[in-house]
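Asks: Have a look at this one.
The values are calculated or read from the model by the stated rules, or taken from the named source; none is laboratory data. Just so it is clear, the structure is predicted and the values come from calculations on it, not from any experiment. In this analysis, Cβ positions are derived from the backbone assuming ideal geometry, glycine residues included, and neighbour counts consider all displayed protein chains. Just the protein is used for accessible areas: all its heavy atoms, side chains included, with ligands, DNA and RNA removed. Shrake-Rupley method; radii C 1.70, N 1.55, O 1.52, S 1.80 Å.
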Amino acid sequence: GAGEGPDTAGDVFDAIREAYAAVGFADEWKRHHQGGAAGFAGREWIATPDSDEPVTRPMGYAWNPTIRGAKSEDTYLVASDRFETLTKTGQWPTHEVESVALDSLPSASFERHAPVIR
């Protein structure tokens, strides 16, 4: 709903593209799908620029930003008031990151798995 975050997968994708551009990799999102809703399938839907799939809460979402051979993927439980990393095992290195500053979203600090170089 209003004020709780993006309403559709397309809204999420707008933020994804804005974040890639903000860190100097404007076209990298084109090289690999960016993720989407997780459920019984690996992705119940994959976010695309024109997706109208609803972003519901609570729900699991798996996102996998990639840049030039590096990929970092995690699955999160997203609720209206919080998010929780579901794929943290304690057996893979993590580090604290700050979200990319976007006018459309509040900033956040959270733990992410370290990128894997392919």
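Asks: Counting only protein heavy atoms and using a 1.4 Å probe, what share of the accessible area of the chain belongs to carbon plus sulfur, as a whole percent?
Replies: Numbers: 3940 of 7220 Å².
After summing per-atom areas, the C and S share lands at 55 percent.
Asks: Still on this model: With every protein chain left in place and a probe of 1.4 Å, what is the accessible surface of residue 7, to the nearest 10 Å²?
Replies: 70 Å²
Asks: Okay, moving on. Classify the range 79-118 as rounded, prolate or oblate, taking a ≥ b ≥ c as the square roots of the eigenvalues of its Cα gyration tensor: rounded when a/c is under 1.5, otherwise prolate if a/b is larger than b/c and oblate if not. Walk me through the numbers before you get to the answer.
Replies: On the way: a/c = 2.73, a/b = 1.50, b/c = 1.82.
Here the range 79-118 falls in the oblate category.
Asks: On to the next question. Testing the spin-label approximation: label points 7 Å from Cα along Cα→Cβ at residue 44 and residue 7. State their distance in nm.
Replies: Taking the two extended label points, one gets 1.9 nm.
Asks: Restricting to Cα atoms and excluding each atom paired with itself, what does the Kirkwood estimate give for the chain in Å? Kindly include the intermediate steps, with their values, before the conclusion.
Replies: Values: mean 1/r = 0.0676 Å⁻¹.
Result for the chain stands at 14.8 Å.
Asks: Related question: Can you give me the three principal axis dimensions of the range 36-86 from its C-alpha atoms, in Å, biggest first?
Replies: 33, 25, 21
Asks: Classify the range 1-63 as rounded, prolate or oblate from the Cα gyration tensor: take a ≥ b ≥ c as the square roots of its eigenvalues, call it rounded if a/c is under 1.5, otherwise prolate when a/b beats b/c and oblate if not.
Replies: On the way: a/c = 2.20, a/b = 1.35, b/c = 1.63.
Note, shape of the range 1-63 comes out oblate.
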